[in-house]
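Computed from the coordinates by the stated procedures, all read-outs in this text should not be read as laboratory data. Remember, predicted model here, so these are calculated numbers, not experimental data. Methodologically, a virtual Cβ is constructed for each residue, glycine included, from the backbone with ideal geometry; neighbour enumeration extends over all protein chains shown.
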Amino acid sequence: MNRYTLPASLREQLLSPALIVYMDLVRAIVQRVIEAVGGDPQRWRPHIKTVKLAPVFLELARAGVRNFKCATTREAACLLETLDEGGFESVDLLLAHPIVGPNLAQLGRIASAYPAARVSVLCEDPDAVAGIPQPLGVFVDVNTGMNRTGVPLDRPAQIVGVGEAAGERFRGVHFYEGHLVGLDADTRRSRAFACYDELMKVLADLDGRGIVVGEAITSGTPTFPCAIAYEPLSRLAPTVHRVSPGTAVLGDTRAMQEIPEVGLVPAAVVFSRVVSQPADGLVTCDAGSKSIAADAGDPCAEAIGRPNLVAMAPNEEHLPLRVNSGAAPPRGTELLLVPRHVCPTVNLAEKAVLVENGLPGEIVEVIGRAHDLIADEPVRVG
């Protein structure tokens, strides 16, 4: 609990709910993930949809990370501007979400504004390659069974077609096995290895057609240890294999439950206060679904140091907690809530309080949150 202590001077002024990010823990987690990928930060392409914060972008870059994923044009512009102003070179960014129309054109303008960076986009249709702006590289998106995006594995000609259509702009294969969650460790590993067997077939097929695959990208937070353990992916040269966990950077209860062996801890919490005791054995705090994401199921959060409190389904501004044992905490009691799903939780906050070794630092904007509305120039966010 001590690592999450907040000074009284901050707590007395802080309106709840509020997003708190412990930068010393962020730094430690980043190093832990780098260790887990074999000590090479170049094997990690973190998904910044989780963090959305300029100081965290910079911590990743200082640790040697140069390859990133994002989901929106706003995230892309924020990351590239932050690292450009920070003096970091050789930045490589993939927008790993299918975009079309004005969104695609906007990404092309962003890439043109940062010519020192390498920016790419996903594609699943050979006929769509011609419409991708010239500054952008192309990754073929393969559907591994998640059925969210990508070319189904049983359509190898379509996968090859994207590579052929992209020509020299072809960067590689995006192979995200994000459906392998909620499984015991042995089952997840077995099913993940079966996925990677299929990836090896895709890579062999592309190579057989003379298509150079520069990179193969797999794995969010739950499966990245599986991908690192799958030995054939470590010796793909000249193809580089990278994993793309993003949730790991800030941690959440789901990540800690899925991969306890990595030793993740939460670096982002929502500061809340008990505001009501509506019934015996029940209290309510002021962090509802407008401040803690409720998309990943219940309990949507856990209170640090209070295992006797179990979060129930949230309302917009209220989070009821069942008191399983002991006395109910009185109104005004401060709670630090670890979200079950940190990525959309960060997106709900406009600002975050940074804490370093128990001391409050600056209050920063969550610059990557939400979406842009109208495509315009210039694309810089500052």
Exercise. Considering the dipole of the chain built from charges on the beta carbon (Lys and Arg +1, Asp and Glu -1) around the Cα centre, which of Val100, Leu199, Ile292 is farthest to its positive end?
Worked result: Ile292
Problem set entry | Computed label-point distance, nm, for sites Gln257 and Arg191 using a 7 Å Cα→Cβ extension | 1.5 nm
Exercise. How much net charge surrounds Val162 when only the other residues with a Cβ under 9 Å from the Cβ of Val162 are counted, with Lys and Arg +1 and Asp and Glu -1?
Worked result: -4
Seminar exercise, completed: Counting Lys and Arg as +1 and Asp and Glu as -1 over every other residue whose Cβ sits under 14 Å from the Cβ of Pro7, the net charge comes to -1
Seminar exercise, completed: Reviewing [x] 18.9; [y] 20.3; [z] 32.5, the figure for mean projected area of the Cα convex hull in nm² actually calculated from this model sits under [x]
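Under unit Cβ charges (Lys, Arg +1; Asp, Glu -1), what dipole magnitude, rounded to 20 debye, does the stretch 45-244 have relative to its Cα centre?
Computed charge dipole of the stretch 45-244: roughly 320 debye.
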Exercise. Using a Cα distance threshold of under 20 Å, what count of lysine pairs results for the chain when pairs must be 8 or more residues apart or interchain?
Worked result: 7
Exercise. For Asp186, Asp84, what ranking results if the residue with the fewest other Cβ atoms within 10 Å of its Cβ goes first?
Worked result: Asp186, Asp84
For this session: Please give the contour-minus-distance gain from Ala28 to Glu198: 0.36 nm per residue of separation, less the Cα-Cα distance, rounded to one decimal in nm.
Result: 57.8 nm
Exercise. In the chain, which helices (entire DSSP H runs) extend 30 Å or more along their own long axis, judged by Cα positions, while averaging at least -0.5 on the Kyte-Doolittle scale?
Worked result: 185-208
For this session: Select from Asn67, Ala54, Gln13 the residue farthest towards the positive end of the dipole of the stretch 1-106; place +1 on Cβ of Lys and Arg, -1 on Cβ of Asp and Glu, and compute about the Cα centre.
Result: Gln13
Exercise. With charges only on Cβ, +1 for K and R and -1 for D and E, what is the dipole size of the chain about its Cα centre, in debye, rounded to 20?
Worked result: 420 debye
For this session: Place the peptides 286-293, 76-83, 274-281, 114-121 in order of packing, highest mean first, counting for every residue the other Cβ atoms within 10 Å and averaging per peptide.
Result: 76-83, 286-293, 114-121, 274-281
Problem set entry | Ascending count of other beta-carbon atoms within 10 Å, so fewest first, for His174, His371 | His371, His174
Exercise. Between the stretch 46-61 and the stretch 201-245, how many Å separate their Cα centres?
Worked result: 23 Å
Problem set entry | Spacing of the two label points (7 Å from each Cα toward its C-beta) at Asp154 and Glu168, in nm | 3.9 nm
Problem set entry | Label-point gap, in nm, between Arg235 and Ile363 - each point 7 angstrom along Cα→Cβ | 5.6 nm
Seminar exercise, completed: Val181 neighbourhood, Cβ < 10 Å, K/R = +1, D/E = -1, net charge 0
Problem set entry | FRET efficiency, 1/(1 + (r/R0)^6) with R0 45 Å, evaluated for Asp125 and Glu317 via beta carbons | 0.55
For this session: Please give the FRET efficiency for Arg11 paired with His371, using the beta carbon to beta carbon distance and R0 = 51 Å, rounded to the nearest 0.05.
Result: 0.95
